[in-house]
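Here's the structure we're looking at; comments come further down.
The values are calculated or read from the model by the stated rules, or taken from the named source; none is laboratory data. Owing to the predicted nature of the structure, the values given are computational and were not obtained by experimental measurement. Note that each Cβ is placed from the backbone with ideal geometry, even for glycine, and that neighbours are counted across all protein chains shown. When the accessible area is computed, the model is the full protein with side chains, heavy atoms only, and any ligands, DNA or RNA have been set aside. Shrake-Rupley method; radii C 1.70, N 1.55, O 1.52, S 1.80 Å.
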Amino acid sequence: MPTLNKIRAALTKDWGRTPPADPHLTRLRIAITAFFAMDGFLFAGWVVRIPAIKAQTGADAGALGLALLGVSAGAVAFMMITGRLCRRFGSHAVTTASAAALALSIVLPPLTHSATALGLVLLVFGAAYGSLNVAMNSAAVDLISALRRPVMPSFHAAFSLGGMLGAGLGGLIAGSLSPTVHLLLLAAIGLLVTAVAGNSLRAHPAPAVPERLPAAQESGPRHGLTGRGRRLVLVFGLIALCTAYGEGAMADWGALHLSQDLGAGPGTSAAGYAVFALAMTLGRLSGTALVQRFGAARALIAGGTTATAGMLLGALAPSAGAACGGFAVAGLGLANIFPIAIARAGESGGPDGVAVASTVGYGGMLLGPPAIGFLAEAAGLPTALTTVALLAAVAAVIAYATRGAHRAGRA
């Protein structure tokens, strides 16, 4: 115990300092950032074409909700597998392979002509998406431990920036290119980024991380998480679930809400997700400083409260402009909740912690599409979207009730 206390004291003392730049770590950070940006870019490109693909398949709101369930179901199914693959082959190799699979699978949705076929191909897309998220977050957690700075929000800022660019590009070309041509173009860009960034990952192995949180030391590479480590990871996973529900809802239903309920055109509908992604980008760019200044617990509580207010405005506003403003506020609130939760889970349990928290977190995306689809049929899409505000408030309450867990054993 004295040794652990000394390690914890040394790490706490160094946390927040900017160490001398290590070229090896800098190149790794650039490569991992590129994968986060590509992930957001490809996902947003798919999202803005959902209305066109919905019309192509002839699906109603309920059928589309079940089809969109394929993304989350595929992601959740492969997340725990990816945690084991990362332990066996390393997070860098799994990140590269998953990114290539994601780029290839994005061409499948516009080839479908029924809700059933769409749901099946989205299982493949979701599996690649989930695997990439676990692998690149695991790589990021190891790098953060080596840097000894809480820079996870900066990686997720790259994801949001990629999402903003993907949504913006989609809005510009939605009227001139078919979904098939558009997503083929995105697949080519994704494969190019994977080749360049993957080569950098192969050239620079993951940094050795000898120190973990005491909770993480309770989990071995073969036996998985146990005891306090599992409890901490599940807390962070539950917080992630509440906010992943909101991010998934914005991705799947934001554009439809603007076009269907508020009469917005294709460009404005795509802009709704773009302003949400921009707000998340700005929030995450300031996330490292926010966590260093106020701590993880306060950042989570403030984020959940802000997202609650913003999503109520976005769901209930009478005009597309006001709704976009609400989406922007919700984006600022949600910005740092998921990355903080996943980073803390990774500190507590390594790749297994990332996999477990991600699986629980993406359960929010698993729940979101069908829940909002069925609620939209029963009470209308605006009312269904208020559930996003409800779960954001739940995340804030959980963060407040478990604030001691965020302070214990800080890495």
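Structure summary
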read-out	value
From ALA322, ALA289, ALA297, ALA343, residue being under 21 Å from ARG231 (Cβ atoms) and surrounded by fewer than 21 Cβ atoms within 10 Å (Cβ to Cβ)	ALA297
Cross-chain or 6+ apart pairs with Cβ under 8 Å, segment 185-200 first and surrounded by 15 or more Cβ atoms within 10 Å (Cβ to Cβ), then among the charged types (D, E, K, R)	SER200/ARG27
Unmet requirement for SER269, which otherwise passes all of (1) hydroxyl-bearing (Ser, Thr, Tyr); (2) open to solvent by less than 10 Å² (accessible area, probe 1.4 Å); (3) closer than 19 Å to ALA392 by Cβ	(3)
Which listed residue is within 19 Å of the chain's Cα centre (by Cα), farther than 22 Å from ALA139 by Cα, modelled with pLDDT of 85 or more and open to solvent by 30 Å² or more (accessible area, probe 1.4 Å), from LEU262, LEU313, LEU367, LEU332	LEU332
Residue ID - least open to solvent (accessible area, probe 1.4 Å), chosen from residues in segment 125-177 that are closer than 15 Å to THR288 by Cβ, in contact with a Leu (Cβ under 8 Å, 6 or more places away or on another chain) and hydroxyl-bearing (Ser, Thr, Tyr)	SER160
Cross-chain or 6+ apart pairs with Cβ under 8 Å, segment 37-66 first and free of Cβ contacts under 8 Å to residues at least 40 places away in the same chain, then part of a loop (DSSP other than H, G, I, E, B)	none
